[in-house]
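Here's the structure, in structure tokens; my notes come after.
The values are calculated or read from the model by the stated rules, or taken from the named source; none is laboratory data. Treat the numbers as computed from the prediction; the structure is a model and nothing was measured. Here Cβ is always computed from backbone atoms with ideal geometry, including for glycine, and neighbour counts include all displayed protein chains.
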Amino acid sequence: MTRNESLRYSLSQGFFMNTCRKVNDGKDGPQYITVNEGTLVKLDRDSTLRDSNADYIVFTQLNGFGVEGVGSIRLGSEIEVDWVRDLIPKLKNAIDVKRLSG
């Protein structure tokens, strides 16, 4: 695994709840759907991922939702779905936020 892949793998493990799957190529670039909430999001117009044709990405920053109701991913990284496949079922289970926050 290259250094770049190791970094993206680490991001995918820490931010697996922010995994997105590509659903189509819109007129303003690719659109993705979050695997945890099913929310439609798109890449920010300045994102370098717009030219990557990535099927799966993980984001670390999501900007507000515009008039069309689509969130804009400002910071994201291309990932391999195999890196998060085992973690995604954990999103289906209820998370006790009060227990996590102490």
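Condition check ((1) within 25 Å of D86 (Cα to Cα); (2) exposed (fewer than 11 other Cβ atoms within 10 Å of the Cβ); (3) in contact with a helix residue (DSSP H, G or I) (Cβ under 8 Å, 6 or more places away or on another chain)) across all residues:
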{"residue": "E5", "(1), (2), (3)": "yes, no, no"}
{"residue": "F15", "(1), (2), (3)": "yes, no, no"}
{"residue": "D28", "(1), (2), (3)": "no, no, no"}
{"residue": "Q31", "(1), (2), (3)": "yes, no, no"}
{"residue": "V35", "(1), (2), (3)": "yes, no, yes"}
{"residue": "G38", "(1), (2), (3)": "yes, yes, no"}
{"residue": "V41", "(1), (2), (3)": "yes, no, no"}
{"residue": "S52", "(1), (2), (3)": "yes, no, no"}
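Say whether the condition of being in contact (Cβ under 8 Å) with a residue 40 or more places away in the chain and loosely packed, with under 15 Cβ neighbours inside 10 Å is met by at least one residue in segment 54-70. Checked segment 54-70: at least one residue is in contact (Cβ under 8 Å) with a residue 40 or more places away in the chain and loosely packed, with under 15 Cβ neighbours inside 10 Å. Would you tally the residues in segment 75-102 being surrounded by 13 or more Cβ atoms within 10 Å (Cβ to Cβ) and either at pLDDT below 85 or farther than 18 Å from F16 by Cα (or both)? Selection size over segment 75-102: 2. Find all pairs meeting these conditions: Cβ atoms under 6 angstrom apart; at least six residues apart or on different chains; first residue within segment 13-38 and touching a residue at least 40 places away in the same chain (Cβ under 8 Å) and hydroxyl-bearing (S, T, Y); second residue surrounded by fewer than 16 Cβ atoms within 10 Å (Cβ to Cβ) and assigned to a strand (DSSP E or B). Taking only residues 6 or more apart or on different chains, the pairs are Y32/K22.
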